[in-house]
1. Straight distance only, please: which aspartates and glutamates reach the Cα of Lys147 with their own Cα at less than 12 Å, same-chain residues fewer than 8 apart left out?
2. For the residue pair Arg232 and Arg173, what label-to-label distance in nm results when each label sits 7 Å from Cα along the Cα-to-beta-carbon direction?
3. Give a residue-ordered list of calculated ³J(HN,Hα) values for region 65-70 (Karplus: 6.51 cos²θ - 1.76 cosθ + 1.60, θ = phi - 60°; whole Hz; x for Gly, Pro).
4. Pull up the cross-link candidates among the lysines for Lys14, meaning alpha carbon to alpha carbon under 17 Å and not fewer than 8 places away within one chain.
5. Among 46-52, 153-159, how do they line up by average Cβ neighbours within 10 Å per residue, starting with the highest?
6. May I ask you to evaluate 6.51 cos²θ - 1.76 cosθ + 1.60, the Karplus curve with θ = phi - 60°, for each residue of region 78-94 and list the ³J(HN,Hα) values in order in whole Hz, giving x for glycine and proline?
7. How big, on average over all directions, is the shadow cast by the Cα convex hull of region 1-134, in nm²?
8. Hey, can you rank 24-33, 193-202, 180-189 by average C-beta count inside 10 Å, highest first?
Amino acid sequence: MNKQKKEENMRLSKRLQAVADTITAGNRVADVGCDHAYISIYLIRNDIAPSVIAMDVNKGPLLRASENINYYGYGSRIETRLSDGLHQLKPGEADTILIAGMGGALTVRILKEGLNAVRKCSELVLQPQSEIFLVRRFIHKIGFSIKSEQMVKEDGKYYFIMRAEPGTQNYEREIHYQFGKLLLEQKEPLMLEYLMRECRILNDVLVELKAVPTKKTEARLKEVNKSLAYIREALAYFE
């Protein structure tokens, strides 16, 4: 691969750029599920992090990560580790724990199983792909406070990025866990767009379910109506 092509491949997507920009400069970073180490390399290349531990559960991506790291000559500042989540991270080795691009339930499992390391870090930067309410709830449960949230839209998909620090915090309203208290209070334009889209999708589902009433669809109807109620409650922030 020629140098120009390599540089093009290394450019961060809009989503990954937003994730990288959320990390506090000067922090040592553990990049969990590093894939090809694009974020790890970006953090070193731009002097955002003094060091990075790039971790992945799969040997293939980790090998490609090592190749990319060596190509840029960052082998002394980025260490690669084969690790299922945080299992190979010792408490105190990283200031920031970064988990991006994984499902919400998996993100929670990684944090739960690596709790000793999590409780010794000063920052969590998380970008769950689904079930984001599970992540927000678990962050509070383990004694972390959500300090910032942002949304980005890329290729028609919406992504949520949050930053948390140690501290006591609890949300009183369920919609704050569902959609993000800060995003609602800030009247994030992308959140309004997201809520309107979800409302349209669920209303279409509602019509389909009502067309073929069964015991199974009855249970699903309740779920959809509950979700729509949360959306309507959230939309009140934008009135």
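Taken together, the values in this text are just the output of simple stated rules run on the coordinates, not laboratory data. This structure is a prediction, so every number in the text was calculated from the model and none was measured. Note: ideal-geometry Cβ built from the backbone for every residue, glycine included; neighbour counts use all protein chains shown.
1. Glu123, Glu165
2. Between Arg232 and Arg173, the label points sit 1.5 nm apart.
3. Each residue's phi maps through the Karplus curve to give 4, 4, 4, 5, 4, 5 Hz.
4. In chain and number order, the partners are Lys153, Lys157.
5. Ranked from most to least packed, the peptides come out as 46-52, 153-159.
6. Taking θ as phi minus 60°, the curve returns 10, 9, 9, 9, 7, 8, 7, x, 9, 4, 9, 9, 7, x, x, 7, 9 Hz for region 78-94.
7. 7.6 nm²
8. Final packing ranking: 24-33, 180-189, 193-202.
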